[in-house]
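Engineer: Before I ask anything, here is the structure I am working with.
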Amino acid sequence: MDLLKNKIKAEGVVLSETVLKVDSFLNHQVDPELMVEIGKEFAQRFKDQGITKVLTIESSGIAPGVMTALQLEVPLVFARKKKSLTLSEGILSSKVYSFTKKEENTISISHKYIQNDDRVLLIDDFLANGQAALGLIDLVKQAGAEVAGIGIVIEKAFQDGGKLVRETGYRVESLAEIQSLENGQVQFKQEEAKV
Ligand code: 5GP
């Protein structure tokens, strides 16, 4: 998705060989127009999958997730990372190790909002080591629902997550795939030559 790649090129800050900061449009300040386009792109890619819910993790997955849900005309559910007083009954939980924060979080959803007849599209901001995506898959399975696919805004293709998550057999669509962050430069994966 060229719009997103151009935004990453213009505003992304390479913090190290493994971490990209995109605080100006995705992880802190949010660019609503870009989010609308991201939502349209995911909806286009997954429109034939009979999706009934979009599921993401707070907080950075919510903006792209809600725009995707808007386009697909289904609700968005976001997994919580902290215990909530109002989230008490029928809770499903999974443990997720955070790549950026180097800590383990328990993510939770209420079973009420993902039920066994749901077909769920998972959306997240980044795919690094795949732990967040695997945690979301686990929650959907615990709910007895189906994973209809996984949409990632930025995949760091040089980390293990892409392989790990694709090995589950689910379709993974990433809007920008980064090959390397070496020498302070964002290098995108070459798109397959079009014939
Ligand atoms: P994973 O579970 O795939 O290792 O990491 C996914 C989560 O870690 C994402 O939801 C995202 O919040 C965070 N993350 C991983 N890598 C990066 C990165 O390079 N930059 C930012 N801003 N967040 C990242």
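Engineer: Quick one: helix 2-11 against the long Cα principal axis of the chain, what's the angle to the nearest 10°, folded into 0 to 90?
Structural biologist: Value to nearest ten degrees: 70.
Engineer: Also, quick follow-up: Just how many % of Cα pairs in the stretch 56-139 lie over 22 Å apart, if you round to the nearest whole percent?
Structural biologist: Roughly 22 percent, once rounded to a whole number.
Engineer: At q = 0.24, 0.31 Å⁻¹, what is the log10 ratio I(q)/I(0) for the stretch 97-145, with the Debye formula run over Cα points and no solvent?
Structural biologist: -0.92, -1.23
Engineer: Dimensions of the chain along principal axes (Cα, Å, largest first)?
Structural biologist: Here the spans come out as 48, 39, 32 Å, largest first.
Engineer: Select from L121, F25, L92 the residue farthest towards the positive end of the dipole of the chain; place +1 on Cβ of Lys and Arg, -1 on Cβ of Asp and Glu, and compute about the Cα centre.
Structural biologist: L92
Engineer: Quick one: which of K9/K83; K53/K101; K102/K189; K21/K53; K83/K189; K112/K156 span more than 31 angstrom between C-alpha atoms?
Structural biologist: Over 31 Å Cα-Cα: K9/K83; K83/K189; K112/K156.
Engineer: Report relative contact order for the stretch 1-64 in percent, whole number only (criteria: Cα-Cα under 8 Å, sequence separation at least 6).
Structural biologist: Answer for the stretch 1-64 is 26 percent.
Engineer: Using the Cβ atoms and a cut-off under 15 Å, what net charge is assigned to the surroundings of Q115, where Lys and Arg are +1 and Asp and Glu are -1?
Structural biologist: For residues surrounding Q115, the net value is 0.
Engineer: Still on this structure, I have one more. With a 1.4 Å probe and all protein chains left in place, how much of the accessible area of the chain comes from carbon and sulfur atoms, in whole percent?
Structural biologist: Answer for the chain: carbon and sulfur cover 47 percent of the accessible area.
Engineer: Taking a probe of 1.4 angstrom, what is the accessible area of T86 in Å², to the nearest 10?
Structural biologist: T86 has an accessible surface of roughly 120 Å² with all protein chains in place.
Engineer: Can you grab the distance from the C-alpha centre of the stretch 8-47 to the C-alpha centre of the stretch 107-157, Å, no decimals?
Structural biologist: 19 Å
Engineer: Relative contact order for the chain: what percent, with Cα pairs under 8 Å and sequence separation of 6 or more?
Structural biologist: Relative contact order, the chain: 19 percent.
Engineer: Full extension from Q179 to T86: what is 0.36 nm times the residue separation minus their Cα-Cα distance, to one decimal in nm?
Structural biologist: Residue separation times 0.36 nm, minus the Cα-Cα distance, leaves 29.3 nm.
Engineer: How do the peptides 157-163, 147-153 rank, highest first, by the average count of neighbouring beta carbon atoms within 10 Å per residue?
Structural biologist: Output ranking for 157-163, 147-153: 147-153, 157-163.
Engineer: Modelled label-to-label distance, K101 and Q190, 7 Å Cα→beta-carbon offset: nm?
Structural biologist: About 3.9 nm, to one decimal.
Engineer: For every helix of n ≥ 4 consecutive DSSP H residues, a contribution of -39,500 (n - 2.57) applies; sum these over the chain, divide by its total residues, and give [θ] at 222 nm rounded to the nearest 500 deg cm²/dmol.
Structural biologist: Calculated mean residue ellipticity at 222 nm is -8500 deg cm²/dmol.
Engineer: On a 0 to 90 degree scale, rounded to 10, what angle separates helix 62-72 from the longest Cα axis of the chain?
Structural biologist: Compared with the principal axis, the helix lies near 70 degrees.
Engineer: Here's another thing I want to ask about it. Quick one: putting +1 on the C-beta of Lys and Arg, -1 on the C-beta of Asp and Glu, what dipole do you get for the stretch 51-195 around its Cα centre, in Debye to the nearest 20?
Structural biologist: 340 debye
Engineer: Next question. Under 19 Å from a label point 7 Å along Cα→Cβ of R166: give me every residue in the stretch 112-137 with its amide N that close.
Structural biologist: The answer is 122-135, 137.
The values are calculated or read from the model by the stated rules, or taken from the named source; none is laboratory data. Not measured: the values here are computed from a predicted model. Please note: Cβ atoms are built from the backbone with ideal geometry, for glycine as well, and neighbour counts cover all protein chains shown. The area values use the complete protein model at the heavy-atom level, side chains included, leaving out ligands, DNA and RNA. Shrake-Rupley method; radii C 1.70, N 1.55, O 1.52, S 1.80 Å.
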